Amino acid sequence: MKLIVGLGNPGKRYEGTRHNLGFWVIDRLASKTGIALNEKLCESIVGRGRWGDEMVVLALPQTFMNRSGTAIGCLLAGTQSQATDLVLIHDDLDLPFGQIRIRSKGSAGGHRGVFSILEYLGATEFPRIRLGIGRPPEGIDPADYVLEDFGEMERTEVDKIIDQAAESAVCLVKDGIERAMALYNRTRV
């Protein structure tokens, strides 16, 4: 079983923000694969389904970003999954806007949600799909930047990024991480 988690912050205030790209990808995956996000488990909204031979659980933690670890730890236990069964989807300041980078493991890279997960699980070896949002303009605090809505120029590209990230998640689950990295790490929307 694969647990595919998109990171974001709950509530109307954060819906359109850069930090919620992970949520948007999970919503797109649910829509494209017919998985209803209709269950509450471990402070998360989840949906269960099958992609080919693989059982999947899509999850949207409803904790705030810096408490993501508690929800994901509970989800792993509740679905009887290991950390290596987790696929984490999140925004990344250190990648240019529109870049997708898939990795099999790694550090938090300053992302508080990822830091919470690493701290809670005590593991770094789980796949991540990182979505580039770019660095803020001079004089804007990164913590404020991630909680802003996308700019007008960016909005035209966001839908493409979400589609490509959703495709990369399906590829990762069905064809493996090496294939997903080969297809999606070299492209930029």
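The values are calculated or read from the model by the stated rules, or taken from the named source; none is laboratory data. Fair warning: this is a prediction, and the values are worked out from it, not measured in the lab. So basically every Cβ, Gly included, is an ideal-geometry build from the backbone, and we count neighbours across all protein chains shown.
Could you say whether any residue in the range 107-117 is modelled with pLDDT of 90 or more, surrounded by 22 or more Cβ atoms within 10 Å (Cβ to Cβ) and over 22 Å from A143 (Cβ atoms)? No, the range 107-117 has no match at all. The residue of the range 50-62 that is surrounded by the fewest Cβ atoms within 10 Å (Cβ to Cβ), among those that are under 17 Å from I89 (Cβ atoms) and at pLDDT below 95, is E54. May I ask you to list the residues in the range 1-45 that are modelled with pLDDT under 95 and among the aromatic types (F, W, Y)? Matches in the range 1-45: Y14 only. Among the residues in the range 144-156, are any more than 19 Å from L58 (Cα to Cα), basic (K, R), surrounded by fewer than 22 Cβ atoms within 10 Å (Cβ to Cβ) and touching a residue at least 12 places away in the same chain (Cβ under 8 Å)? The answer is no, given that none of the residues of the range 144-156 is more than 19 Å from L58 (Cα to Cα), basic (K, R), surrounded by fewer than 22 Cβ atoms within 10 Å (Cβ to Cβ) and touching a residue at least 12 places away in the same chain (Cβ under 8 Å). Of the residues M55, M1, M65, the single one that is touching a Lys or Arg at 6+ places or on another chain (Cβ under 6 Å) and of a type in the set (A, V, I, L, M, F, W, C) is M65.
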